[in-house]
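Participant: My questions all concern the structure below.
Nothing in this text is a laboratory measurement; each read-out follows from the coordinates by a stated rule. Not measured: the values here are computed from a predicted model. Virtual Cβ from ideal backbone geometry, glycine too; neighbours counted across all protein chains shown.
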Amino acid sequence: MRSVALTIGVCAVLVAGTASAAGEQEPESDARVAAASPDALARAITPKRLRAHLVALAAIARRNGGSRDTGATGYQQSVVYVAAQLRQAGYRPRLQSFSFDLFRETRPARFERLAPGAKRYRLWRDFITMRYSGGGTVSAPIEPVEPASASSGCERSHFAGFPRGAVALLRRGTCFMFQKARNAKAAGAAAVLIANEGVPGRTAPIMGTLVRAGIGIPVLGISSALGSELARSAQAGTVEVRIEVSVVTRRARAVNVIADLPGQRGGAVLLGAHLDSVANGPGINDNGSGSALVLEVARQARRLGVRPARGLRFAFWGAEELGLIGSSAYVRSLSTRERAQLLAVLNFDMVGSRNYGRFVYDGGHGPPGSARIEDLFRAYFAARQQSVEEVFFQGSSDHAPFARAGLPVGGLFTGADARKEPGLARRFGGAVGRPYDSCYHQACDTLSNVNLLVLGQMADAAAVVALRLAS
């Protein structure tokens, strides 16, 4: 999260591209009076058109090793696609540059048990190197740290008596993984293993991001089965392991994509979504779904000649998966006057989960003005007899930098890898005890992982609420 080269008022070079998202030319509407209505905009946004954007992003991922992560060609081509779609619709998109730490492994990591009995663990099946892990070779015994507790490693007190130079075995949950790794390092750990929880949807090795570089020691995400096996063995006697991680982290640059639909007066409502995926998956629900939503609202608003009282701003953030870097850079770039012009910020992250819930951001605990955003979303869904549930504000998506700046924030969400509880299954349908998105941060987050019905509902709500906020 460093300084940016271009502010929002500076136009950057636009990228080329003319293919229509739906594979067809869409004529201008003559119904200008009806076109200005929020419901007319919602009707123009169809599952077919949303799906067309997802198909395009999925194809980009397939051409680029199954990923669209920031710093790689897949993300660059996603930027090209979005900017071309906006330009074709009549916008003048601009690219806002920002710098970030680009993490790469220079050779595949190795993880093996030396004693009791030699055993080689398999990359991807048993373990994964966490992004921003430190490098090095470590041969040391494993020391479990409250491995049965979700708060394992969240407090420095958990490491009382920890033997310096050991490999800390922790469990996922409660706090951020970088906090667990940081506490382990402070206690003298030579390396860290963070095991998945073992509940449905959380058994595979964790493809985690430590948010920032600087941990300095190897950190691996391991499967729940391997975590349980190592914990049992370590409680029975000494377990010696060897870990080899070779990584490099360097400064690099990426861009956000931003486009404006002018209003009749000053001020704007911002609709944003992150455009990047994790390194080991195509990210079609997380967050191709949100990107498709924002892009199609933008396209149809322009096609229908929508001219709200206040403007609409459409933003596609880079490096969200690396720690909200693109959106944070954007907020830092704003002058006091430019911040005051943002009347509301709407975030759309994972809005097409297959085992979905309809979640509305909790405006009551947000900055002033956030409660009104929640009320408008609730009123929209209530009028259509669609159940919703409140989701508390957390710092894990791109609304967070705006909230910290005191701007009104809101948004929609359909669930990640948490398990659906019985009460919510009764309200929304779907499978009890299964994740909302069983492919969260995995290679299976493909087109088949998206529920187009709920994505269409979320897109309609976004269009209507955005125009009402801009009225």
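Participant: Name the residues whose placed amide hydrogens come within less than 5 Å of the amide hydrogen of Gly411, ignoring near sequence neighbours (fewer than 5 apart) on the same chain.
Facilitator: Asn347, Tyr361
Participant: Then there is this: At a 10 angstrom cut-off on C-beta neighbours, averaged per residue, how do the peptides 421-430, 393-402 rank from highest to lowest?
Facilitator: 393-402, 421-430
Participant: Which length gain, in nm to one decimal place, applies between Ala309 and Glu389 when the Cα-Cα distance is subtracted from 0.36 nm times their residue separation?
Facilitator: Going from the current span to full extension adds 25.8 nm.
Participant: Follow-up. Report the gain in length on full extension from Glu244 to Ala418: 0.36 nm times residue separation, minus Cα-Cα distance, nm rounded to one decimal.
Facilitator: Fully extending the segment from Glu244 to Ala418 adds 59.5 nm.
Participant: I've got another one for you. Could you list which residues have their amide H under 5 Å from that of Ser277, counting only those 5 or more apart in sequence or on another chain, with H placed in the peptide plane?
Facilitator: For Ser277, the qualifying residues are Arg68, Asp69, Thr70.
Participant: Now a separate question. Kindly identify the stretch 205-293 as rounded, prolate or oblate by the Cα gyration tensor criterion: order the square roots of the eigenvalues as a ≥ b ≥ c, call it rounded if a/c is under 1.5, otherwise compare a/b with b/c, prolate if a/b is larger, else oblate. Numbers along the way, then the final one.
Facilitator: Values: a/c = 3.84, a/b = 2.52, b/c = 1.52.
Since a/c reaches 1.5 and a/b is larger than b/c, the shape of the stretch 205-293 is classed as prolate.
Participant: Using a 10 Å cut-off on Cβ atoms, rank the peptides 357-363, 431-437, 381-387 from the highest mean neighbour count down.
Facilitator: 357-363, 431-437, 381-387
Participant: Going toward the positive end of the dipole of the chain, with +1 on Lys and Arg Cβ and -1 on Asp and Glu Cβ, which of Phe348, Ser78, Phe176 do you reach last?
Facilitator: Of the candidates, Ser78 comes out farthest on the positive side.
Participant: How large is the dipole of the chain about the Cα centre if only Lys and Arg carry +1 and Asp and Glu carry -1, each at its Cβ, rounded to the nearest 20 debye?
Facilitator: That gives the chain a dipole magnitude of about 580 debye.
Participant: Please state the relative contact order of the chain as a whole percent: Cα pairs under 8 Å, 6+ residues apart?
Facilitator: 20
Participant: To continue, here is another question. Per DSSP helix of 4 or more residues, -39500 (n - 2.57); summed, then divided by the residues of the chain. What does that give at 222 nm, rounded to the nearest 500? Walk me through the intermediate numbers first.
Facilitator: Values: 13 runs with 139 residues, N = 471.
So the calculated ellipticity at 222 nm is -9000 deg cm²/dmol.
Participant: Ranked by Cβ crowding within 10 angstrom, fewest neighbours first, how are Met350, Met207, Met130 ordered?
Facilitator: Result, fewest neighbours first: Met207, Met130, Met350.
Participant: Treat each spin label as a single point 7 Å out from the Cα along the C-beta direction, and report the Arg107 to Trp124 distance in nm.
Facilitator: According to this spin-label approximation, the distance is 2.0 nm.
Participant: According to the square roots a ≥ b ≥ c of the eigenvalues of the Cα gyration tensor, what is the shape class of the stretch 117-238, taking rounded for a/c under 1.5, prolate for a/b larger than b/c otherwise, and oblate for the remainder?
Facilitator: Since a/c stays below 1.5, the shape of the stretch 117-238 is classed as rounded.
Participant: Please work out the Cα center distance from the stretch 223-257 to the stretch 72-131, rounded to the nearest Å.
Facilitator: 17
Participant: If contacts are Cα pairs under 8 angstrom and at least 6 residues apart, what is the relative contact order of the stretch 117-238 in percent?
Facilitator: Relative contact order comes out at 33 percent.
Participant: Are there chymotrypsin sites (Phe, Trp or Tyr not before Pro) in the stretch 28-132 that DSSP marks as loop and that have at most 14 other Cβ atoms within 10 Å, and which are they? If you can, show how the numbers build up before the last one.
Facilitator: Details: sites: Tyr75, Tyr81, Tyr91, Phe98, Phe100, Phe103, Phe111, Tyr121, Trp124, Phe127, Tyr132; in loops: Tyr91, Tyr121, Trp124, Tyr132.
Here the sparse-neighbourhood loop sites are Trp124.
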